[in-house]
1. Could you tell me which of the residues A:Pro186, A:Pro242 is assigned to a loop (DSSP other than H, G, I, E, B) and touching a helix residue (DSSP H, G or I) at 6+ places or on another chain (Cβ under 7 Å)?
2. Return the only residue of A:Arg465, A:Arg456 being over 27 Å from A:Met564 (Cα atoms), among the basic types (Lys, Arg), out of contact with any helix residue (DSSP H, G or I) (no Cβ under 6 Å at 6 or more places or on another chain) and without any contact (Cβ under 8 Å) to a residue 12 or more places away in the chain.
3. Quick one: A:Val198 ticks every box in (1) more than 14 Å from chain B (Cβ to nearest Cβ); (2) at pLDDT below 90 except a single one, so which number is it?
4. Going by the conditions given, is B:Pro49 farther than 24 Å from A:Tyr518 by Cα and either within 10 Å of chain A (Cβ to nearest Cβ) or out of contact with any strand residue (DSSP E or B) (no Cβ under 9 Å at 6 or more places or on another chain) (or both)?
5. On the given criteria, is B:Ala95 under 28 Å from the mean Cα position of the chain (by Cα) and at pLDDT below 95?
6. Which of the residues belonging to the range B:340-361 are assigned to a loop (DSSP other than H, G, I, E, B), closer than 20 Å to B:His319 by Cβ and among the small types (Gly, Ala, Ser)?
7. Among B:Ser389, B:Ser412, B:Ser400, which is the only one that is within 14 Å of chain A (Cβ to nearest Cβ) and either among the hydrophobic types (A, V, I, L, M, F, W, C) or more than 21 Å from the chain's Cα centre (by Cα) (or both)?
8. Take the residues in the range B:370-386 that are in contact with a Gly (Cβ under 9 Å, 6 or more places away or on another chain), away from chain A (no Cβ under 14 Å) and of a type outside the set (Gly, Ala, Ser), then tell me which one is surrounded by the fewest Cβ atoms within 10 Å (Cβ to Cβ).
Amino acid sequence: MPGMGTGLHTNNPVVVSAFHRELIHQGLVVLVILGLVWVAWRISRARQLRLAHSANGGPADPAAVPADPEPTARRLLRVSFGITWIFDGVLQGQSSMPLGMAPEVIKPAAAASPVWVQHLDNAAATIWSYHPIAAPAAAVWIQIGIGLWLLVAPRGTWSRLAGLASVGWGLVVWVFGEAFGGIFAPGLTWLFGAPGAVLLYCAAGALIGLPERSWATERLGQILARIMGSFFIGMAVLQAWPGRGFWQGQPSPQATAGTLTSMLQQMAQTPQPHLLASWVSAFAGFDAAHGWGVNFFVVVALAAIGAAFLSAQPRLVLAGLVAGVALCLADWVLVEDLGFMGGVGTDPNSMIPMALLLVASYLAITRHAITSETTAPIEGSPRRHWRERLRASPSYAFRSVAALGAVGIILVGAAPMAMAATDPHADPILAQAADGAPQATNFPAPTFDLVDQYGRAVTPGSLARKVVIVTGLDDVCVTQCPLIAQYLKAADGLLGADRRRVEFVAIDENPRYIAPEYLEAFDQNEGLEQMSNWLYLTGRSLSQLQQAWRAFGFAVQLLPGGSMDLHSEIAYVIDPSWRVRFVMNTDPGPGTEATQSSFSVAMADTIRKVLALP
Amino acid sequence: MKDPWSSRWTARRSVAVAAGLVLGALGLLAFGVGVSTGAPSTTPALATPLATSVQTPEGDWATVPMGHLDDPLNTFWQLLFRPSGTTLWSNKVEAATAMATNGGLVLASSGADPSRGLLVVGIRPSVKLGLTPIVATTDAGVSWSNGLLASNGQLDLRLAPRPDALALGAGGRALAIVERAKNGGDTVLESTGALSSWKPLVSEDVLRAKAAARGCMPDALTAVGYLGDTAVVGASCRNPGALGLFAEISGRWQGIGPRLGPSIIDGRSEVLALWTRGSGLTALIGTSRAHLAELRTFWTANGTTWEVSRPLRVSAAQHVVSYGPTSGNGVFVLLGTPGGSAQLEVINGPGSAWAHLPAPPARTATVAFSPDGAVDALAVNDTVLTVWSLSSSSGGWTRSQVLHVAIQFGSSNP
């Protein structure tokens, strides 16, 4: 029935179930990959041991094991961001992701940005909305894959490639998922996560991707510290800028809340544990009362931390680090609200990655473990061929095989997603989620004697040897019927050459506007007059039309108060022998482009099934 | 070979990077602080609300919006009727329209002339529907006939959102303004009987060309009416000091109406309404300047001599809530403020002045003036319509009826 609300809830059980099924299927593939990794590793290890025993009766070539440890800062970044990527991948597996990501994350993130950013992000939102199973499943495995890759490949080319993969995917997420971290939108502030959490992942990935010699001295640490320092000072300037609402709390309930207070009040409404909500609420109250003081503290703290890091002096950087990490943690809990609550949280937001980068820059200055003495042999030694290293070095063999496995996991998500992204039609699961699956049946179809939009008589006999879709449409319906008409038209387009064997028939479902001119007007309004296999039927009289309604079980009822009439939304797919083979609910649900496309695909698929019947 | 990590290289570049980042932050700052909210306009709003009332010999008709008025998909226009000689209103919308009324209803009547009792209702398209059904009754809403606003094979025309976009003339003739087409302006259609048979009468482009000498340069067609058998079209003028009233005389479209006085010569004018009164015509004209809007009523019996009322000032804090005909040659104007207070002004005919009636109750959407002298204010609060009657004895408003309308919220939502 029109307007009675069949919007798709983000936790729609059909979609959630399909998503979990897809994750389980892909998870089985991942298990196979892990099994193959284990087998490959065992084969490789057995060969190494055999070679070693045949050569000298001892273990594998100890010289193949690098004597120098991985730089502490690099290891910190690699392990922590590896874990974070895995955590983010797990978050992508939340039930709300398939239907919630586009409307609740991607579009709001871009809403305040310039139009070109919105266009860019709309493209991503469209892909996600059209493929609500493939897209989140891809995100799960890509992120888990990158995380594992970072963890299992501590050194060498594989490790650097993992960093670069992190940069690549991070940029995709930053641009399309975070709308460039909101840097083009008003209200940009470090407190809310500027310049975007995933850009920090990219920074970490880029550092991991640097040549290992970059970590040999304190230079990289100094550069990193100065970059962080400059960033913090820039953010302090931004925070201090007047007229942006940050100096303002909310002195009275009637007064307009300041930017931070307003944000905090929203965050407190996010579904989360009571304790956390009470902390955020309490801080919102504190900021409302002391908005100027809170902002003054933040500005001073950011500037001081920035100055300390800009100096690149270990002692000052250490002081800045302590203050920076404390500020990050406070902001993470009290402002960012941990970042991942609410069902569609995709990451722990920016403060944890920010703190990790601060720590890494300090460690890179103070613990550049590879001294000039230890690096000399590596730099000077001839590079061994990878096959030789694979044979000789257990760790190299392991990280190579494991990294290949991680790449395989990434491909488990990326490959179906790439195929889905090239498909301009939406997944039929959306139609199924809104209306249920088409019901297979087999009974004689009702007959009728009506006239079409041009006044010509139409009976089942005039539709012989065709698959006929019979549905009902109110010719002055303002929402559902135009949507249904559009998806019938789109389904017709999907049939290609088969459309010659198909007739789309609608019966008018309005008791007042039964003259053919209304049907023709509806056709014109919806562009249906170009469909050669489209018939819109009405009665020569209301009683004749009502007879057809009864035959097909269409319920039509006038509603009070200026509403459109209540009418059935159902379609019968009738085979050439005039037997009903499928009954479909045609309620177009929320009427988005994605659901429209999905309904068209579902309708075309059902028609093809009937066309294929003997 | 240069060591890229040498001290000098690093120092220079780190300074450059730092400077770049600061500049970048300042650049972002420009984005971040570049949003400002404009000051509220002080130009008075000459809105053209669809809420109004008209008279027929069988009784008074009115249309008002009800439901959630801040949400177009949950605002449903009602069609209310009070039979002559009675005091109670009833809602005829279900029997009359048989479709969603979110786009609004446009009423036209043949007036209170007992020999011609016809009410025509244009049901404006809304949401995804683009066609305009028209329904009509001659028996107080007992039975309805219906038509479609269509012309030259184009069946999905949209009736303009103006309270006076429909007009009835003698012999079943009717005029309708259809909204701006893709490659042109508004167009006036005329029907000579059947409500599904319409022909283009004149377009905004044609009038613009013809009216150039008068300097109006119409930018929208705003009202239609008949002066005797002559179709009259009202417009809003792009150029200040001009009046957009046009009639087809001897096969040519010409500007009619009086010259605007010196006090409004620098203001823009708009014809808000045209009402056929016997063989004459009444026009409600709005003019606006920077901080001042005024309403004037023009009367003519023959199109050559005109009488103009004194102006009714609309302050910057007020907006037009409703206007319509009273019995005889009168006009009412209902003004409102954001605070909810209302002001009701009436002018009874040529030679009279605007009279200030007692302020109607809050939320009054329109007022109906019956030929028998009764005056009702129709106040809307969500699904409740309260009828307030102006007491001739006490001079105040007394509640005479409460009508609960069963609105199906969400029924027009996708």
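The values are calculated or read from the model by the stated rules, or taken from the named source; none is laboratory data. Everything quoted here is computed from the prediction, not taken from an experiment. As a convention, Cβ positions derive from the backbone with ideal geometry for all residues, glycine included, and neighbour counts pool all protein chains shown.
1. Values: A:Pro242 fails: touching a helix residue (DSSP H, G or I) at 6+ places or on another chain (Cβ under 7 Å).
Among A:Pro186, A:Pro242, only A:Pro186 is assigned to a loop (DSSP other than H, G, I, E, B) and touching a helix residue (DSSP H, G or I) at 6+ places or on another chain (Cβ under 7 Å).
2. On the way: A:Arg465 fails: without any contact (Cβ under 8 Å) to a residue 12 or more places away in the chain.
From the options A:Arg465, A:Arg456, the qualifying one is A:Arg456.
3. (2)
4. no
5. On the way: under 28 Å from the mean Cα position of the chain (by Cα): yes; at pLDDT below 95: yes.
Yes: the conditions hold for B:Ala95.
6. Of everything in the range B:340-361, those that are assigned to a loop (DSSP other than H, G, I, E, B), closer than 20 Å to B:His319 by Cβ and among the small types (Gly, Ala, Ser) turn out to be B:Gly340, B:Ser341, B:Ala359.
7. Numbers: B:Ser389 fails: within 14 Å of chain A (Cβ to nearest Cβ); B:Ser400 fails: within 14 Å of chain A (Cβ to nearest Cβ).
Testing whether each residue is within 14 Å of chain A (Cβ to nearest Cβ) and either among the hydrophobic types (A, V, I, L, M, F, W, C) or more than 21 Å from the chain's Cα centre (by Cα) (or both) leaves just B:Ser412.
8. B:Asp372
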